[in-house]
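Take a look at the structure below.
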Amino acid sequence: MSRKLEEGRAYELREEKRFPRTLRPAVHLAPRIGWMNDPNGFSRYGDRYHLFYQYNPYGTDWGAPFWGHVVSEDLVTWEHLPAALAPDEDYDRDGCFSGTAITHPDGRHMVMYTGFVLDEEDPQGRGIQCQCLAWGDGREYVKSPANPVLTGADLPRGGDPHEFRDPRLWQEKDGTYRVLLPNNDPERGTRLLIYRSDDGESWSSGKVFLKNEDRLGWMWECPDLFSLDGKQVLLLSAMDEAPNKRVYALLGEVDREKEAFLKESARILDQGFDFYAPQTVETEDGRRILIGWLQNPDTAGDRPKDLPFCGMMSLPRELRREGGRILQRPIGELEAYRTEPVIRRDLRLEDEEIRIDGITGRVLDLELNLRPEERGFRSFALRFARKGDSWTEFRFEPEDGLIFLDRSRAGPEKATFHRKQIKIRGNGEELQLRMILDRYSAELFIDQGENVLSTLVYADSDAEDITFNVSGSAIMDIAKYGIKEK
Ligand code: FRU
């Protein structure tokens, strides 16, 4: 083991005590200590799920990433393992960037990631990016002597080796490997490349799997590809003008002869402020589970500076497809964590703002259904993490089918990115909402998860009030649960 990894491991073991349970989110995964960004290597290996993450143990800002490592049986409760990779080789000394993991037929955990080395000559201060392998047993990971296995020399004409990262690796039925790799061509824009290999170490020359014909961002990051109820889904995290980094889910087919993605449609996966770089895994019972970094990379600086960590993952979400819609819902396993239900049915609200006994707090799982009354239903506002005039607001205007998310009054840490308005499918005038609030975040699932909005909530910890406001009149059913903390 390198000194860098050994020191990182000793440091996290010692310093994680500065991050007590009471400061952690209840069910959202946060780093052991320090900084977390993208999920990496999300996989089932042996009898547990493994998740790695972009990790700087030494501070609460991004810095030459290690790979942090956690394991779980139910994808809700995670156990921290020692950091798996450190930036300790010539080809990755400034960071072990994002990547993926699969189980090799011989039983080893096979990891592919991007090595990053700052380029002194680059006027923008970027780094050279190359692709590397590491082999593990679920705890200890050893980098391949063949590294780097793909470099700038393997790029098709025009490719920029400073923008060549985040391998998405898989193995075909015939035992050969494929990897998808985003790359930028300064002349023609970003594209996704595909390479093939017999052993994972020597790779073919790259071909273009998908071009950016629709201008979805100037550089793609962190691709994922999987099938969902009979269609292929390609996830791309697109770098764009700040603060519009977002995740696109493309539906389509893979042309296996040409090794190309045939896009049929594209949608934004999460319409909130904070969601990026997701990866998925398939459970043993065939569900597709997605987990993302609950942060907009452009606004990671807007936060209280007195916490011993920065960054967390979204809840794991189950994906389903119905026609052209992708539906997301919090993983079913979360229901086993519900406690102390408060259930009210047929509450009539008319031009008023109410509080409901027993429905307050910053850690809760809330389900709500709102039906219009004859007299007309003009708007609904849910204000949460509220203290006096400070709150985060979710608003629904049924006549226009509009949803608003507004955190312009959300406590002392002013976010640069405040308000969102989205048009949802006219769903009669009913609203179905599930909201998980977990200390520093809210994830809102609307209409069976066809629309999802995620946001960080950096309000004071005692901002615990929740109010319900209706203009016009409507009938509400509501169920609120606490969430058991492990
Ligand atoms: C996305 C990203 C990846 C890269 C990693 C570095 O957030 O920029 O493209 O691999 O973060 O930490």
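The values are calculated or read from the model by the stated rules, or taken from the named source; none is laboratory data. Note that this is a predicted model, so its numbers are computed, not measured. Backbone-built Cβ (ideal geometry, glycine too); neighbour counts: all protein chains shown. Heavy atoms of the whole protein, side chains included, go into the accessibility calculation; ligands, DNA and RNA do not. Shrake-Rupley method; radii C 1.70, N 1.55, O 1.52, S 1.80 Å.
Just a few scattered comments:
- Taken over the range 108-120, the criterion of being within 16 Å of the ligand (Cβ to nearest atom) and crowded, with 17+ Cβ neighbours inside 10 Å is satisfied by VAL111, MET112, TYR113, THR114, GLY115, PHE116, VAL117.
- Scan of the range 90-102 for residues that are more than 13 Å from the ligand (Cβ to nearest atom) and assigned to a strand (DSSP E or B), ordered by number: ALA101, ILE102
- Each residue in the range 273-315 was checked for being polar (S, T, N, Q) and part of a loop (DSSP other than H, G, I, E, B), and 4 pass.
- Total residues in the range 157-177, condition away from the ligand (no atom under 16 Å from the Cβ) and in contact (Cβ under 8 Å) with a residue 40 or more places away in the chain: 3
- Qualifying positions in the range 55-73 - buried (at least 16 other Cβ atoms within 10 Å of the Cβ) and away from the ligand (no atom under 15 Å from the Cβ): HIS69, VAL70, VAL71, SER72
- Some residue of the range 296-303 being within 12 Å of the ligand (Cβ to nearest atom), within 30 Å of GLY323 (Cβ to Cβ) and either open to solvent by 40 Å² or more (accessible area, probe 1.4 Å) or under 13 Å from the mean Cα position of the chain (by Cα) (or both): yes
- Of all residues in the range 229-239 being over 15 Å from ARG256 (Cα atoms) and away from the ligand (no atom under 16 Å from the Cβ), the one that is surrounded by the most Cβ atoms within 10 Å (Cβ to Cβ): ASP229
- Filter pass, ALA146 being more than 20 Å from ASP240 (Cβ to Cβ), among the hydrophobic types (A, V, I, L, M, F, W, C), outside any strand (DSSP E or B) and touching a strand residue (DSSP E or B) at 6+ places or on another chain (Cβ under 9 Å): yes
- For beta carbons closer than 6 Å, sequence separation of 6+ or different chains, a first residue in the range 39-56 that is assigned by TED's automatic domain parsing to the domain that holds PRO223 and part of a strand (DSSP E or B) and a second that is open to solvent by 10 Å² or more (accessible area, probe 1.4 Å) and within 10 Å of the ligand (Cβ to nearest atom), the qualifying pairs are GLN54/ASN37; GLN54/ASP38; ASN56/TRP35; ASN56/GLY63.
- Subset of the range 257-272 that is more than 18 Å from GLY449 (Cβ to Cβ) and outside any strand (DSSP E or B) - its residue that is nearest to the ligand (Cβ to nearest atom): GLU259
- The lone exception for ASP166 - which of (1) part of a loop (DSSP other than H, G, I, E, B); (2) surrounded by fewer than 16 Cβ atoms within 10 Å (Cβ to Cβ) it fails: (2)
- Top-ranked residue of the range 199-228 - restricted to ones that are under 18 Å from GLY324 (Cβ atoms) and at pLDDT below 95, ranked as farthest from the ligand (Cβ to nearest atom): ASP214
- Among the candidates PRO87, PRO123, PRO105, residue that is within 13 Å of the ligand (Cβ to nearest atom) and either assigned to a loop (DSSP other than H, G, I, E, B) or in the same structural domain as ASP302 (by TED's automatic domain parsing) (or both): PRO87
- Hey, PRO25 within 14 Å of the ligand (Cβ to nearest atom), open to solvent by less than 20 Å² (accessible area, probe 1.4 Å), assigned by TED's automatic domain parsing to the domain that holds LEU181 and modelled with pLDDT of 95 or more or not: no
- LEU181 being outside any loop (DSSP other than H, G, I, E, B), within 16 Å of the ligand (Cβ to nearest atom), closer than 20 Å to PHE42 by Cα and open to solvent by less than 20 Å² (accessible area, probe 1.4 Å): yes
- Residues in the range 270-280 that are more than 18 Å from HIS418 (Cα to Cα) and crowded, with 23+ Cβ neighbours inside 10 Å: ALA277, PRO278, GLN279.
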